[in-house]
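The values are calculated or read from the model by the stated rules, or taken from the named source; none is laboratory data. The structure presented is a predicted model; accordingly, all values stated were derived computationally and were not measured. Methodologically, a virtual Cβ is constructed for each residue, glycine included, from the backbone with ideal geometry; neighbour enumeration extends over all protein chains shown. Side chains included, ligands, DNA and RNA excluded: accessible areas come from the protein's heavy atoms. Shrake-Rupley method; radii C 1.70, N 1.55, O 1.52, S 1.80 Å.
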Amino acid sequence: MEIDVVPADFSLPVHRAWTVSMVIKSFKGRKDVTVHLFRPEWDPAEEGIYDWDALIGDPVDPDLPVSIESCRRILLESFTEEERDALVNYLKTRYKDKLSEIHACALNLPIPLGLTALSELTEGKSVGFIRFDKIPNYTLPFPVRGYFDLSQHKPIIEGLD
């Protein structure tokens, strides 16, 4: 299994700024499925401790409507360095034979307005969430969800699309 934790190449203005993703070798009839991990909940008081003016950047597209709340959620869904390390260790121990890769890196800050938080995406025919904290023997002290889109990955058996 390849584990790639990319150190931040700049001084992070906040502790909660790490993203984690993983690649599952075989999942729901697809191979090499990328899953983007995030925190689905947080203490509402945490929203008041950040300097949002410094953490939220310019719009991705000035002609499109934007949600400041969604942009804030992107940061709130991310992990601290300690949570990142605990999550990576949990994944590599619990799912060592099922994963081919784990990647972690810092968010690009400031976060551009117009991006959508993972917790705001809806499940559908090919997209969904893994609710890790609902799986038996989950040991992390914080909940984790994983977002996937099966349409982005090849079927295990060709011709099944």
task = Report, to the nearest 10°, how far helix 81-94 tilts away from the longest principal axis of the Cα atoms in the chain, using its own Cα long axis and a range of 0 to 90°.
result = 10
query = In Å², what does the accessible area per residue of the stretch 2-152 work out to with a 1.4 Å probe?
reply = 55
key: Kirkwood Rh in Å, taken over the stretch 1-41 so that all alpha-carbon pairs contribute   = 12.7
message = How tilted is helix 68-77 with respect to the longest principal axis of the chain? Cα atoms for both, answer in degrees (0 to 90, nearest 10).
response = 60
query = Using the Kirkwood radius built from alpha carbon pairs, what does the Stokes-Einstein equation give as D for the stretch 122-161 at 4 °C and 1.567 mPa s, in µm² per second?
reply = 107
inquiry  = List the pairs from K31/K134; K92/K154; K25/K92; K134/K154; K98/K125 whose alpha-carbon separation is above 19 Å, in the order I gave them.
reply    = K31/K134; K92/K154; K134/K154; K98/K125
inquiry  = Looking at the calculated P(r) for the stretch 1-113, what percent of the C-alpha pair distances fall above 19 Å?
reply    = 52
note = Of every hundred units of 1.4 Å-probe accessible area on the chain, the number belonging to carbon and sulfur atoms, as a percent, is 51
message = Is there a quick way to get the dipole size of the chain? I mean about its Cα centre, with the Cβ of Lys and Arg at +1 and of Asp and Glu at -1; what is the value in debye to the nearest 20?
response = 980
